Amino acid sequence: MTVSSAVSGQVFLKPKRAQPFYARHPWVFAGAVDRIEGEPADGTVVDVRSHVGNFIARGLINSQSKIQVRLYSWDEKVELDREFFRARLQRALRLRHDMLKLNNGPDAAYRIVFSEADTLSGMVVDRYGGWLTVQFTSLAMAARREMFGELLTELLGCKGVYLRTEKGIGKLEGVTLQDGLLCGEAPPPEVVIHENGLRFAVNLTEGQKTGYYLDQRDNRAAVAKFCRGKRVLDAFSYSGGFGVYAAAAGAAEVECVDASDPALALVARNAELNNLSQIVAVKSDIFHYLDAQVAAKRQFDVVILDPPKFARDRASIPQAMRGYRQLVQQGLKLLAPDGVLVKCCCSGLITMDMLEEVVAQTALDDKRDLQLLSRTGPAADHPVSVTCREGAYLKCLVGRAA
Ligand code: SAH
């Protein structure tokens with residue numbers, strides 16, 4: 001199916017609602033729309049205009065989504081056609097290949113496209129060796145999936161492109177998508193990737209997220225520096241990203257804890273792939289596990305807390321903050337003097353300031369001096385657009401406790 005690039009409708013904004021779109025925010029919510037001229041089908045190209053009819057931007061419409069129009073160009077002369085999207089993909093590739101100089105070999109793994117951050121709202125593409133995974137978070141981009149599969153294959157020479165769907169997206173966007181091969185060859189059950197000289201097994205079709213947490217690459221390398229000869233707790237380990245880096249950096253003991261059996265099987269596999277014998281994989285709920293270790297008066301030199309997203313909407317922020325506080329409280333109790341606490345948070349609704357406040361307040365309550373050594377985000381293949389800072393989701397705080 002090819003989707004036309006012809007402009008099929010005109011979306012007029014309410015008076016006083018145009019400013020964010022002149023400022024290049026890419027999401028036009030239904031509440032800002034006054035009226036629509038023409039009868040644009042969902043997924044087609046529309047122009048967004050001020051209430052007096054001035055052109056603001058060109059985008060793709062979906063009447064079933066809270067985000068009625070996603071904007072892609074602020075130039076009236078530009079068509080949202082195949083060439084346009086090819087150029088956007090090429091721009092995204094230039095960042096990863098020419099500027100970041102990420103491993104681009106046959107076992108490379110990195111994020112190729114990160115939605116709004118790469119001015120391709122509604123699409124995320126990850127590369128694992130010869131295969132790509134694509135996630136669509138908008139109906140209009142999903143409707144162009146064949147074109148994107150072709151373009152990505154052409155630009156990257158990959159063996160296959162696999163579609164992964166995010167839970168809940170069907171309801172948010174009114175699109176029915178199923179995991180499955182988009183084009184080329186199906187990926188094998190295990191693709192082994194190289195990251196900073198370490199090997200990781202990735203299951204593209206069944207693994208969490210799109211198979212691996214690529215965003216933590218730099219944070220893992222930074223934390224590994226503190227791990228030589230140390231006792232390390234990697235809580236919420238998934239496939240052992242932090243733990244494998246720690247062990248490879250010479251940690252004395254590493255405990256990777258997760259509640260998921262497939263994750264723990266990957267921890268064992270990754271320990272084996274890197275010839276690391278000091279990693280123990282433990283199945284447990286982290287909250288129970290931390291309580292039990294505190295009760296047993298155990299101590300670690302490095303405690304890594306990398307939980308899943310706790311805050312999915314504004315209403316769940318207070319509960320999420322209580323969850324983070326509890327983790328930090330118990331994590332601090334387990335830290336030996338001079339210990340390093342790594343606190344990550346991937347809830348976009350929780351800001352770095354909020355996270356710092358939880359960590360600071362908890363350390364104060366515990367009368368424990370804590371120095372922040374770094375406050376970082378994800379690796380640079382997960383950039384943030386200055387006009388859509390909602391994309392800044394991952395934070396990582398590293399502190400040293402007295
Ligand atoms: N640190 C990992 C990514 C962690 S993702 C990395 O670097 O790759 C979050 C992980 O937390 C998932 O593997 C999920 O299975 C696990 N998880 C979620 N809730 C949990 C809980 N209450 N107890 C233990 N593990 C949990």
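Of note:
- Range of Cα positions in the range 129-265 per principal axis (Å), largest first: 52, 33, 24
- Calculated over the range 146-193, the projected area of the Cα convex hull averaged across directions stands at 4.2 nm².
- For the range 303-402: lysine pairs under 17 Å (alpha-carbon distance), excluding those fewer than 8 apart on one chain: 5
- Remark: the Cα gyration tensor places the chain in the prolate category, a/c being 1.5 or greater and a/b exceeding b/c.
- Residue order, fewest to most surrounding Cβ atoms within 10 angstrom, among Cys345, Cys256, Cys183: Cys183, Cys345, Cys256
- Put in line by how crowded their Cβ is, counting other Cβ atoms within 10 Å and starting with the fewest, Lys14, Lys230 read Lys14, Lys230.
- Packing-based exposure ordering (other Cβ within 10 Å, fewest first) of Asp107, Asp301: Asp107, Asp301
- Straight-line reach from Lys14: taking Cα to Cα under 25 Å and skipping same-chain neighbours fewer than 8 places apart, the lysines in range are Lys66, Lys77.
- With contacts taken as Cα pairs under 8 Å at a separation of at least 6 residues, the chain carries a relative contact order of 11 percent.
- Shape of the range 270-312, Cα gyration tensor, a/c cut at 1.5: oblate
- The overall shape of the range 1-74, judged from the alpha-carbon gyration tensor, is prolate: a/c is not under 1.5, and a/b is greater than b/c.
- Computed [θ] at 222 nm, helices only, for the chain once each DSSP H run of length n ≥ 4 contributes -39500 (n - 2.57): -8000 deg cm²/dmol
- For the range 1-141, the relative contact order works out to 19 percent when only alpha carbon pairs closer than 8 Å and six or more residues apart are counted.
Read the figures in this text as sums done on the coordinates, not as results from a lab. Worth saying up front: this structure is predicted, and the values here are computed from it rather than measured. All Cβ positions, glycine included, derive from the backbone under ideal geometry; neighbour counts span all protein chains shown.
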